[in-house]
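Step one of this worksheet: look at the structure below.
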Amino acid sequence: MVTAQSHTPIRSREGRHTPIRSCKGCRKKQAKGQLQRWVLQDGQPALDEKQNISSRGVYVCSDSCYNSIKGHLPQIINRRRS
């Protein structure tokens, strides 16, 4: 018998749900607002500072994590589109 694990949502100080995302470089989970979001615009990586560009993107927690995936960024994002 498989039982579901109980999941306690993370809440902000205001009591609202805080979205959690995983860093593509190191796989650590953090609040969405603490991560950088990168998207492809015209085939080139672009930082989505406001995290509102309507496109697939990836989240990274630091410059070192970005540097570890930047050569593969188009493949990573395009893999998520299919």
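Where a number appears in this text, it was derived from the coordinates with a stated rule and is not lab data. Everything numeric here is computed off the predicted structure, so don't read it as measured data. Cβ sites come from the backbone with ideal geometry, for glycine too, and all protein chains shown count toward neighbours.
Just a few scattered comments:
- Looking across the stretch 14-52, the residues that are under 15 Å from residue 72 (Cα atoms) and assigned to a loop (DSSP other than H, G, I, E, B) come down to 23, 24, 25, 26, 43.
- Selection from the stretch 53-75 of residues that are surrounded by fewer than 16 Cβ atoms within 10 Å (Cβ to Cβ) and either within 12 Å of the chain's Cα centre (by Cα) or in a helix (DSSP H, G or I) (or both): 56, 62, 63, 64, 67, 68, 70, 71, 72, 74, 75
- Scanning the stretch 41-66 for residues that are touching a Gly at 6+ places or on another chain (Cβ under 8 Å) and touching a residue at least 24 places away in the same chain (Cβ under 8 Å) returns 60, 61, 62, 64, 65, 66.
- Scanning the stretch 35-49 for residues that are in contact with a strand residue (DSSP E or B) (Cβ under 9 Å, 6 or more places away or on another chain) and either exposed (fewer than 15 other Cβ atoms within 10 Å of the Cβ) or of a type in the set (A, V, I, L, M, F, W, C) (or both) yields 35, 38, 39, 40, 46, 47, 49.
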